[in-house]
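Please read the structure below before turning to the comments.
The values are calculated or read from the model by the stated rules, or taken from the named source; none is laboratory data. These figures come from a predicted structure and were not determined experimentally. Heads up, the Cβs are rebuilt from the backbone with ideal geometry, glycines too, and the neighbour counts pull from every protein chain shown.
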Amino acid sequence: MEKIYVVKYTGPFGFIKPWTAVRDSETYSQQFLTPSIVAGIERKLFPELLKDDDGEIKKIVGHRLSYKQISQQQEQTQPRGWNSKGKGKNKEYSRPYAILVRGVMIEPILYLAFNELENAKRAYVQHICLCRNEDILYPSEEIIEVSKEEFDTNEELFSGFELIFEEDDKSFLVGYNRFKKSQPMYGSIKVVGTPIKNNY
């Protein structure tokens, strides 16, 4: 039976950057990792992959993300461009403000799975971030050696959301991959167990 090696990361907060404001309200996407986020985490853990980077995920073979709750936080933004009105000396320029609501995960748990123990060992001695560098997740416990089947079915140990990176009739658009010249990214959500923990 195929064995994989799983590293568990935990931290007080985690943030997944939405790719549009619509994405937040329509797909509630601040609770899953896109291919480009996983590729970014992989490049942080294994910087040698940046050389001749083709954007493919090479070492992380699975992941699972859960959390206790999402805290809705407001963020003030301004567009890059300027609005103008009036003519000549009476011309005025302005940049309007907008308020966006961002969901921040409370006490996220992320499992990263690797085919090779050596890769898991390298990941185990490093921290990661999801999308915001002040939300640091640290490895906890020991490296877990399990079968791929158990990782996919053990609802008690490996509960969480996982975006399956494939394009089929269940898939939906999840963004544009910055590692692959902004190609569209598709995926479908796999839910194992109870991803939102309510035991405080």
- Which one is modelled with the lowest pLDDT, of the residues in region 153-178 that are under 15 Å from the mean Cα position of the chain (by Cα) and of a type in the set (F, W, Y)? Y176
- Inside region 136-152, can you point out the residues that are modelled with pLDDT of 95 or more and among the polar types (S, T, N, Q)? S147
- Query: Scanning for something modelled with pLDDT of 95 or more, farther than 28 Å from F13 by Cβ and part of a loop (DSSP other than H, G, I, E, B), does region 77-100 turn up at least one residue?
  - Reply: no
- Taking region 101-121 only, how many residues are among the hydrophobic types (A, V, I, L, M, F, W, C) and either crowded, with 20+ Cβ neighbours inside 10 Å or at positive phi (or both)? 7
- Query: Can you find even one residue in region 180-200 that is of a type in the set (F, W, Y) and under 21 Å from F114 (Cβ atoms)?
  - Reply: no
- Task: Go through (1) at pLDDT below 90; (2) in contact with a Phe, Trp or Tyr (Cβ under 7 Å, 6 or more places away or on another chain) and name the single condition P184 misses.
- Result: (1)
- Among the strands (runs of 3 or more DSSP E) confined wholly to region 122-200, which include 2 or more residues that are surrounded by fewer than 17 Cβ atoms within 10 Å (Cβ to Cβ)? 136-147, 172-177, 183-192
- Item | Unique residue being modelled with pLDDT under 95, among the hydrophobic types (A, V, I, L, M, F, W, C) and buried (at least 16 other Cβ atoms within 10 Å of the Cβ) when the list is L50, L65, L45, L33 | L33
